[in-house]
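The values are calculated or read from the model by the stated rules, or taken from the named source; none is laboratory data. Predicted model, so just to flag it, every value in this text is computed and none were measured. Virtual Cβ from ideal backbone geometry, glycine too; neighbours counted across all protein chains shown. To get the accessible areas, we keep the full protein, side chains included, count just its heavy atoms, and leave off ligands, DNA and RNA. Shrake-Rupley method; radii C 1.70, N 1.55, O 1.52, S 1.80 Å.
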Amino acid sequence: MIDLKLLQKDFDAISTKLMRKGVDAAFIENLKLKNEALKKAKSNFETLQALQNSMSKEFGMYKREGKDISELKQRVDANKIVINEALDIQRNLQEELENIAMAIPNIPDDNVPDGKDENDNVEIKKVLTPKEFSFTPKEHWELAEDNGWIDFERGVKLATSRFSVSFGMGAKLERALINFMLNFNSKRGFEEVSVPALVNRTALEGTGQLPKFEDDLYKMDGLDLFLIPTAEVPVTNLYQDEILSAEELPKKMTAYTSCFRKEAGAAGRDTRGMIRQHQFHKVELVALSKPEESEAIFDDMVSCASDILTALELPHRIVNLCTGDLGFSAAHTTDIEVWLPGQDQYREISSISNTRDFQARRAKIRYKDGKKNIMVHTLNGSSLAVGRTLVAIMENYQNEDGSIDIPEVLKPYLGM
RNA sequence: GGAGAAGUGGGUGAGCGGCUGAAACCACAUCCCUGCUAAGGAUGCGUAUGGGUAACUGUACCGAGAGUUCGAAUCUCUCCUUCUCCA
């Protein structure tokens, strides 16, 4: 959630920034007006309540002293009616305000480039040069089927479209990648955690998936529980509604989970292969930090993900997302795109975001700085999407005869 | 699935309709004393939000929500969680 006090104080600047992200000006204006109205309503209610409280105290004294209370009772009863009206007004405003505020995305940083969609993202640098093939490289689905690594039909048979099954070396490689990535992140100072794959509404509101994006989530029938779309949700919410001590920051964590997404708006995109599946594996990095540390940690996370790709000898590039491609909760995001020779293009394999205090305010994650409680900054990033890494290995390590080499760093994980 | 018991501040735990935002103890912080490593004393010490430069102060919060009442941590209802017993 954005800082309403800041909005109130510096309305023009904040609304200008939000408009860069495509938020309707009228919407922001409305938020401001509602906020002001709520403040008035609250103050009004509290004054009445204070009066009621003091009369109630008097009431107790009268009774103890055996005085006549009928006149006082009349006053108190009359005030009660007024209070209830004031409370109603306040509650309605509160609810309206919350609905609006929760649907407003984070304020993009000033250095986020303007742009409409992913085509306007800005490349920062390339790492490793794609190798030249002496033959026409195949796409991963062909390689996956030819090598018997992935069975797309049987995934559909078991569930529905956009599900797949890994066999043999395909399955082993997934497991090796997960272990390799977790170990890599551990060495970089991220503590490994294992978390539930189902979370409640509060957790999803905390990280910003709800209330706006319920259509993208799988919801349990009859329960207020959802399958996680990313480990970011359970891991960040681990400290929901807590006040951490300054010494325990930064908290750097890494988790492997399956992720589940309905891909509601993605009809027709990447229908073939395992680029866009309803269920996929991902190793995630999450950090909670003091505000002044978050940028350094952000850089650390980007390099951590990039270094994994480098260790796997996979060419990739680092891209700064433009306003149009920026997610709901992010103040700024860097994507890592891996080179896919079969597709002859770079494709997203990691997305690292600093949400600053946006999620912390929603999830109420604070730390004690001396006497004051301050919102932490939260960061998250993939390191990496396992399925897409497997895709990248298949396409980059393919040979002319259709066989696939195994990256050196993974061999120990495969007993090779 | 059935039957009971319980959920209070960082922890233990009192309170069972007004004098309680909450005793006491522990932990913690600052200061003092002492002087030798362990103890003594004083003060402070929850969260959120509004007002105020500040001191301070209004309001809300005793698992969550609703209700009874002039007034609820305390009474009622629903839900959640934990523990014990039964199937």
With θ set to phi - 60° and the Karplus curve 6.51 cos²θ - 1.76 cosθ + 1.60, what are the ³J(HN,Hα) couplings of region A:171-184 in order, to the nearest whole Hz, using x for Gly and Pro?
5, 4, 5, 4, 5, 4, 5, 4, 5, 4, 5, 4, 5, 4
May I ask for the distance between the Cα centers of region A:266-301 and region A:196-263, given as a whole number of Å?
13 Å
Between beta-carbons, use under 10 Å as the cut-off and find the net charge around residue A:279, counting Lys and Arg +1, Asp and Glu -1.
+2
Considering only protein heavy atoms, what is the solvent-accessible area of residue A:318 at a probe of 1.4 Å, reported in Å² to the nearest 10?
10 Å²
Hey, in the GNM for chain A with a 10 angstrom Cα cutoff, which one of A:305, A:86, A:176 fluctuates hardest?
A:86
When a/c reaches 1.5 or more, the comparison of a/b and b/c decides; with that in mind, is region A:163-315 rounded, prolate or oblate per its Cα gyration tensor?
oblate
If amide H atoms are modeled at 1.01 Å from N in the peptide plane, then the residues at a separation of 5 or more from residue A:333, or on another chain, having amide H under 5 Å from its own are A:321
Per-residue accessible area, 1.4 Å probe, largest first, puts A:191, A:29 in the order A:191, A:29
Tilt of helix A:294-311 relative to the longest C-alpha principal axis of chain A, in degrees (0 to 90, nearest 10)?
20 degrees
Given the protein chains as shown and a 1.4 Å probe, how many square angstrom of residue A:281 are accessible, to the nearest 10?
50 Å²
Evaluate chain A: find the radius of gyration of its Cα atoms, find its Kirkwood radius, and give the ratio Rg to Rh.
1.10
Of the accessible area of region A:221-332, with the probe set at 1.4 angstrom, what percent is carbon plus sulfur?
44 percent
Output the 0 to 90 degree angle, nearest 10, between the alpha-carbon long axis of helix A:386-396 and the longest principal axis computed from the alpha carbons of chain A.
30 degrees
The set of residues whose placed amide H lies less than 5 Å from the amide H of residue A:350, leaving out same-chain residues fewer than 5 positions away, is A:336
Ranked by accessible surface with a 1.4 Å probe, highest first, in what order do A:366, A:64 come?
A:64, A:366
Report the residues of region A:318-351 in range of a label on residue A:127: point 7 Å along Cα→C-beta, backbone N strictly under 19 Å from it.
A:318-321, A:333-341, A:345-351
Heads up, I need the accessible area for residue A:129: 1.4 angstrom probe, whole protein in place, Å², nearest 10.
120 Å²
Please give the helix A:25-65 orientation as an angle from the longest Cα principal axis of chain A, in degrees from 0 to 90, rounded to the nearest 10.
40 degrees
How many Å³ per residue does the convex hull of the Cα positions in region A:4-102 occupy?
90 Å³
Under a 1.4 Å probe, what is the accessible area of region A:118-414 per residue, stated in Å²?
42 Å²
Mean separation of Cα pairs under 8 Å and 6+ residues apart, divided by the residue count of chain A: what relative contact order is that in percent?
20 percent
Run lengths n ≥ 4 of DSSP H only: what is the helix-derived mean residue ellipticity at 222 nm for chain A, with -39500 (n - 2.57) per run over all residues, to the nearest 500?
-13500 deg cm²/dmol
Could you check the simple spin-label distance between residue A:87 and residue A:247, using points 7 Å along Cα→Cβ, in nm with one decimal?
4.4 nm
